[in-house]
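Data first, discussion second: the structure below is written as structure tokens.
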Amino acid sequence: MPLAFLVIGYGLRYGAYSFGHTPSFADYLQSLCRWDCSWYVRIATDGYDGYPTANQTNVGRWAFFPLYPLMVRTVGTVFQLEILSAAVLTSTVLACAACLVAWPLLGKDSRAYALLCAYVLSGPLSFHFTSVLTEPLFLLLTSCVLLALKRSNYLAAGAFSALLSATRLVGVFIVLASLLKIYQDYRLQRPGKPFAYWILGKPQILVAILISPAGLFAYMLYLRVTVGDGLAFGHVQRAFGRVAGNPILFLWEGLSAVPAEGWIPSPPQWSALVAVGGLFMCVLLAWRRQYGAALFCTLCIVLPLFTNLASIVRYVGGLAPILLLGAQILSIRTDVFIVVLLLLLASCYLLTQAWIGGHLALV
Amino acid sequence: MRWSEQFVSPSLMGAATYALAISLAVVEAGILAAALLPNVDSDYRAFYIDGTTTCLNRGVSADYSIGEIVSFRRDGAKRAKDFKVCGWSGPAGDGTHSLGESSRLRVRLTNARSPIRATLEIAPVLRPPQDRQRVFFSINGIPTHATTLIGPDIRSVSLDVPDSALVKGPTLELDLSYPDAIPPTRSASAIYKRAIKLTSFRLNFASLGQQIPTGSIPPN
């Protein structure tokens, strides 16, 4: 099924790209390389900046976490591909793998699985998963952690969490989902001693928890050695114009950014609406007693909101627990499933054009 | 029986796992401590960590002969580039725009001899109801001049280079700070504020007896 949607998705995205162009595959790859893509390509090609940066810019590359560009560089070296092609190949494989991991997470429900595969590989935001961004890796690793937790394999969850924390900063919060699952298992076992004592008596669980942020710590160590500032990934946000503010104010500003003409929501309105929708899905996750996933998704949405609405559509659209729940809900009825599937495919074409055109909500 | 228990006793395995957990905790605590105590220079700290400036000092400078007029419009972009240390954007068609709450120019004089007078042609960036921009000048850290730009026209602003600014060497750092700089939106970062457009810069030897008085700092 992933292969079928992959082919359909490439057809739709290539069709959207070639509208009004003289198409070529190299130009197609370049057209989809928008916004953060160029940062990852540069990191995969030349590595990270030291300080002062080589080209005297304020915006060092430190904000972008290393695992994805490292994988791209490895794929490029092994298969002798130029970096952009290697990155697209890496993303595509990761996105397909994320779909495969979702199969057991969806209880082997083929309709929900079809919706998830359609969304990831040929859906409205499929260019996020198949071009040069961390989304496919983040989705895959989050799904791997969730699967490991479902099987109460804490060590595997810890190992995948470590990789997730080297993919994007918010990835480190998946450890909270692990902790909640461990606590739920503790409650089920009723061991008769306090949680803290119980966990201290389980060295494997201690290792699983402590290894979860290892990717982040490794990157911090690297930055401390090369830049002198282990928190450079956070401090450099100032050079990108991100300043801490009130997330509710940012949401309100977004919602009230009425378009100058017409009825189609403005980019800030889309961003704010998606953020609110994402938070609603977090509530639904909690209501279905998926507390760890709900907490992780809430943090992944709320923390970026403390700076502004930039990229929030991408962040919400790549959260595995929300996608899994959405696929389950929308596949309950056959008629709804068919309509949603068709909408996903149709919107792939339209939103790919918006992405290539630089629509700000899709950043 | 687990495969590991065929080779290692459970108690030894448990001890090794505890040792691994403790090692992880110690290493991570060490990295966290190192991250909380960065080893960076004062420019990095001021811009990235403390956020006390929007102008990140850089090691650019260019030789300058007294009397040369440097254009900060598009026609002089190549020459002006190496004088712009930080806090500038452009050039655009109407000059090089200030970016942030302060800007800096740096020149390395090839023929330093006091008294020297700096002249800048600048125009304010205004957004109603704001009708003026205050600009504070300092040279090599010495407050030198202050002016208030009213109205949209380009103005010529002259300031004398203090003799003490040339004591340490032939390099002049001209800092401009803008207390009334305008952010593009209410919630935008201070690094995007706009205050002036610079169109040209020159240094001349000032004739003795023609010293211009240092501008008084206008009230808020």
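The values are calculated or read from the model by the stated rules, or taken from the named source; none is laboratory data. Note that the structure is predicted; figures quoted are calculated from it, not measured. Cβ coordinates were reconstructed from backbone atoms using ideal geometry, including for glycine residues, and neighbour counts include every protein chain displayed. What goes into the accessible areas is simple: the full protein's heavy atoms, side chains included, and nothing from ligands, DNA or RNA. Shrake-Rupley method; radii C 1.70, N 1.55, O 1.52, S 1.80 Å.
So the values come out like this:
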read-out: Relative contact order [Cα under 8 Å, 6+ residues apart], chain A, whole percent; value: 23
read-out: Between helix B:10-36 and chain B: long-axis angle, C-alpha atoms, 0 to 90°, nearest 10; value: 10
read-out: Relative contact order [Cα under 8 Å, 6+ residues apart], chain B, whole percent; value: 23
read-out: Computed accessible area, B:Phe205, all protein chains, 1.4 angstrom probe, square angstrom; value: 80
read-out: Residue order for B:Ser42, B:Ser71 - accessible surface, 1.4 angstrom probe, largest first; value: B:Ser42, B:Ser71
read-out: Residue with peak Gaussian network fluctuation, chain A [Cα springs, cutoff 10 Å], from A:Val258, A:Val93, A:Val313; value: A:Val258
read-out: Phi to ³J(HN,Hα) by Karplus 6.51 cos²θ - 1.76 cosθ + 1.60 over region B:57-70, Hz, x for Gly, Pro; value: 4, 10, x, 9, 6, 9, 5, 9, 9, 3, x, 6, 9, 9
read-out: Rg/Rg_ref, the protein assembly as shown, where Rg_ref = 2.2 N^0.38 Å and atoms are Cα; value: 1.15
read-out: Choice from B:Pro38, B:Pro115, B:Pro143 showing the highest fluctuation, given a GNM over chain B with Cα pairs closer than 10 Å; value: B:Pro38
read-out: Mean shadow area of region A:152-231, taken as a quarter of the surface of its Cα convex hull (nm²); value: 5.6
read-out: Relative contact order (%) - region A:152-231, alpha-carbon pairs under 8 angstrom, separation at least six; value: 43
read-out: Accessible carbon and sulfur surface of region B:1-155 relative to its total accessible area, %, 1.4 Å; value: 57
read-out: Accessible area (Å², 1.4 Å probe, nearest 10) - B:Tyr192; value: 90
read-out: Selected from A:Pro104, A:Pro66, A:Pro136 as most flexible by GNM, with chain A as the system and alpha-carbon contacts under 10 Å; value: A:Pro104
read-out: Protein-only accessible surface order, largest first, of A:Met220, A:Met71, A:Met1 at 1.4 Å; value: A:Met1, A:Met71, A:Met220
read-out: Heavy-atom accessible area per residue - chain B, 1.4 Å, Å²; value: 52
read-out: Solvent-accessible surface ranking, highest first, for A:Ile83, B:Ile69, B:Ile196, A:Ile8 at 1.4 angstrom; value: B:Ile69, A:Ile8, A:Ile83, B:Ile196
read-out: Prolate/oblate/rounded label for region B:43-205 (Cα gyration tensor, a/c 1.5); value: prolate
read-out: Interface B:A - total buried accessible surface [probe 1.4 Å, Å², rounded to 100]; value: 3000
read-out: ³J(HN,Hα) computed for each position of region A:7-21 - Karplus, 6.51 cos²θ - 1.76 cosθ + 1.60, integer Hz, glycine/proline x; value: 5, 4, x, 4, x, 5, 5, 5, x, 5, 5, 6, 5, x, 10
read-out: Shielding score for B:14-21, defined as the mean number of other chain Cβ atoms within 10 Å; value: 5
